[in-house]
Amino acid sequence: MKAARWSDLPSRLYSGVILGFVGFLAIFFGGMFLQLAVAFLVFIMHYELAKMQSPQLTGAPEYSSIVALITIVFLSYSDTWIIFLLVLAISLACQYFLMRTQKLAGVFYSMIIILGGFYFIELRSHFGNLFVAWVVCIVVLTDTFGYFGGRLIGGPKFLVSVSPSKTWAGIVSGWLGALICTHFFIELSFFSEFSYNLQTLFLFAILLSFCSQVGDLFESFIKRKCKVKDSSNIIPGHGGFMDRFDGIIVATLICGILGPIVL
């Protein structure tokens, strides 16, 4: 086993603990604190996205992040779906003109970031902090189990053309992490107020785990097309905020859409 394989582990742990602590505070207190945290996340992820997509266009990262910030604020206070969709459409049109490479992929990812942020706030408001904590823990354990499973077991690669480092062992290990997380929450009766059966809940957990992995793969696809290794180098061991939160925004988006139906 080569030491280089684990060279990024200490920095991943340190930065992961700090991010986890800040995230815990935002979820626990909710309200304006959570809205500010989500708004910052949407802002910085769009800055990274536009910087990758339009490296030669002066001001693109700043304009993209400001448009996204205004959008998430307006969406949070939209009274009707017509206004909601109109604001989102205008925002995505602006992002389209700010992108220079992979325009459609960039606009699609912008939509995922914005809607993921919106549903994160909505899930906290309607389902409570423990439910949101469950979704976040699924993504974190999916990433953690996938990291160790992929590096310890190795084996056949998963979509080499998109992400050369991903293996089937890492993918399945991530699902195992999601199941363990869900079992822990069930044992502590965190889902007592919801009407569900265990099979549905475990299947939903695997779905969210897989969606978080898809989010990671899609971000890897964009980075490969833009010929960059990381979205930025802001977070030690993780790269940028897009690298760290790509799975959470997709899992949150899917949970926000399907959660009220499944649970």
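Please specify each residue of the range 186-217 satisfying the condition of being acidic (Asp, Glu) and within 16 Å of residue 254 (Cβ to Cβ).
Residue satisfying the conditions is 216 alone.
From the list 232, 189, which residue is touching a Phe, Trp or Tyr at 6+ places or on another chain (Cβ under 8 Å) and not in a helix (DSSP H, G or I)?
One residue alone meets the criteria, 232.
Mind listing just one residue for me: the one in the range 181-203 that is among the β-branched types (Val, Ile, Thr) and surrounded by 14 or more Cβ atoms within 10 Å (Cβ to Cβ) and, of those, farthest from residue 259 (Cα to Cα)?
Filtering the range 181-203 for residues that are among the β-branched types (Val, Ile, Thr) and surrounded by 14 or more Cβ atoms within 10 Å (Cβ to Cβ), the one farthest from residue 259 (Cα to Cα) comes out as 186.
When you scan the range 117-129, do you find a residue that is under 20 Å from the mean Cα position of the chain (by Cα), surrounded by 19 or more Cβ atoms within 10 Å (Cβ to Cβ), small (Gly, Ala, Ser) and part of a helix (DSSP H, G or I), even just one?
yes
Determine, yes or no, whether residue 178 is in contact (Cβ under 8 Å) with a residue 60 or more places away in the chain, buried (at least 17 other Cβ atoms within 10 Å of the Cβ), touching a Ser or Thr at 6+ places or on another chain (Cβ under 6 Å) and not polar (S, T, N, Q). Even if it seems obvious, please write down each step before you answer.
Details: in contact (Cβ under 8 Å) with a residue 60 or more places away in the chain: no; buried (at least 17 other Cβ atoms within 10 Å of the Cβ): yes; touching a Ser or Thr at 6+ places or on another chain (Cβ under 6 Å): yes; not polar (S, T, N, Q): yes.
Criteria not met by residue 178.
Quick check on residue 161: is it assigned to a loop (DSSP other than H, G, I, E, B) and over 19 Å from residue 13 (Cβ atoms)?
Taking the combined requirement at face value, the residue satisfies it.
Answer with yes or no whether residue 101 is in contact (Cβ under 8 Å) with a residue 40 or more places away in the chain, of a type in the set (Ser, Thr, Tyr), surrounded by fewer than 19 Cβ atoms within 10 Å (Cβ to Cβ) and not in a helix (DSSP H, G or I).
yes
Bear in mind these aren't lab numbers, they're just calculated from the coordinates by the rules spelled out. Keep in mind it's a predicted model, so treat the numbers as computed, not measured. Ideal geometry is used to build each Cβ from the backbone, glycine not excepted, and the neighbour counts take in all protein chains shown.
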